[in-house]
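Asks: Below you'll find the structure I mean.
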């Protein structure tokens, strides 16, 4: 090749390299492309070990929220079988936890939740089984995690019953970034993948 051709090739290589560096500078690869769907409002519930927990306990954590009840004969066993798959995949991540809220706080006492959690091999440090007032539990499901339509509220809380198969994925800033069908294996795989993505997100100090 002639000297002139080599100069052209060198110029082209420098041009491509410069463009690549430019792209790296304008694209923030530390941020997920998952949309922000909702913001989690303050809450205060009781964990299976009797400890009181609030939204401050999940600050800086990526977590999955679900609703179930221990005596459910239908979808709940399958949901929590799938949730255990999520737990087994991500339990070694120090910034990941699961919040499983009861929809039946009258019957799902702390002791019953502890027994249920133990049956799943759940550690209270990274898989919380939560109870509290029915009104607060349902309000959090509908207004924070948006996994049930707020219009489903019954005029009398005692007559209200929430039964949802959906899981909410929440980022380190307490923002809901995804909703997943807890009965579908494909959705569970996507949830695990998206959770790993959120764990890599960087947040300003």
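The values are calculated or read from the model by the stated rules, or taken from the named source; none is laboratory data. Just so you know, these numbers come straight off a predicted model, no measurement behind them. Using ideal geometry, Cβ is built from the backbone for each residue, glycine included, and neighbour counts are taken over all protein chains shown.
Asks: Would you tally the residues in region 180-191 being in contact (Cβ under 8 Å) with a residue 40 or more places away in the chain and buried (at least 18 other Cβ atoms within 10 Å of the Cβ)? Don't jump to the end; show me each part of the working.
Replies: Residues of region 180-191 in contact (Cβ under 8 Å) with a residue 40 or more places away in the chain: 182-183, 185, 188, 191.
Filter once more, so that each one left must be buried (at least 18 other Cβ atoms within 10 Å of the Cβ): 182, 188, 191.
The qualifying residues number 3.
Asks: Still on this structure: Go through the residues of region 127-134 one by one and say whether even a single one is surrounded by 14 or more Cβ atoms within 10 Å (Cβ to Cβ) and in a loop (DSSP other than H, G, I, E, B). Can you show your working first?
Replies: Going residue by residue through region 127-134, those that are surrounded by 14 or more Cβ atoms within 10 Å (Cβ to Cβ) are 127-132, 134.
Narrowing the set further to residues that are in a loop (DSSP other than H, G, I, E, B) leaves 132.
Within region 127-134, one or more residues are surrounded by 14 or more Cβ atoms within 10 Å (Cβ to Cβ) and in a loop (DSSP other than H, G, I, E, B).
Asks: Only one of (1) touching a residue at least 60 places away in the same chain (Cβ under 8 Å); (2) within 18 Å of the chain's Cα centre (by Cα) is not met by residue 56, so which one is it?
Replies: (1) is the only condition that residue 56 fails.
Asks: Report yes if some residue within region 104-124 is under 15 Å from residue 166 (Cα atoms), surrounded by 17 or more Cβ atoms within 10 Å (Cβ to Cβ) and modelled with pLDDT of 95 or more; otherwise report no.
Replies: If we filter region 104-124 for residues that are under 15 Å from residue 166 (Cα atoms), which is where we start, we get none.
No, region 104-124 contains no residue that is under 15 Å from residue 166 (Cα atoms), surrounded by 17 or more Cβ atoms within 10 Å (Cβ to Cβ) and modelled with pLDDT of 95 or more.
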